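What follows is one structure encoded as structure tokens, with my remarks underneath.
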Amino acid sequence: MALTRRGGTAVTVRSAGLISKWRDQPANPSMINAARRLGYDLNPHRARQITLEMLDWADIVLTMDSAVLETLRAICGGQRTQARSLPRRPRRPRPDGPG
């Protein structure tokens, strides 16, 4: 949502995760509240699992950490060069998935 807002109509953003057990689940309630405070509505959000088609579609793939980046590189056989891990803020825990 933040990337979409910043990029405007020139940017199309899709979100997906690696773990299938979260598929079709809503965002974590604490993330819904945090997003609301920043002006975003995560209530309609439902988790999706990453697919090779999504990776092929993307010009750039951003991951939450280096472990996810390495997993994605393994999934696509290391062919995607425009994949990057977002920098992690020190001492700020990040809940992964609902609950």
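The values are calculated or read from the model by the stated rules, or taken from the named source; none is laboratory data. None of the values given here were measured: they were computed from a predicted structure. In this analysis, Cβ positions are derived from the backbone assuming ideal geometry, glycine residues included, and neighbour counts consider all displayed protein chains. The protein model used for the area step is the full one, side chains on, heavy atoms only, and it has no ligands, DNA or RNA in it. Shrake-Rupley method; radii C 1.70, N 1.55, O 1.52, S 1.80 Å.
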Could you report segment 25-76's accessible area per residue, 1.4 Å probe, as an integer in Å²? 66 Å²
Which of the peptides 5-14, 58-67 is most tightly packed, and how do the rest follow, judged by the mean count of other Cβ atoms within 10 Å per residue? 58-67, 5-14
Carbon and sulfur together cover what percent of the accessible area of segment 10-65 at a 1.4 Å probe radius? 54 percent
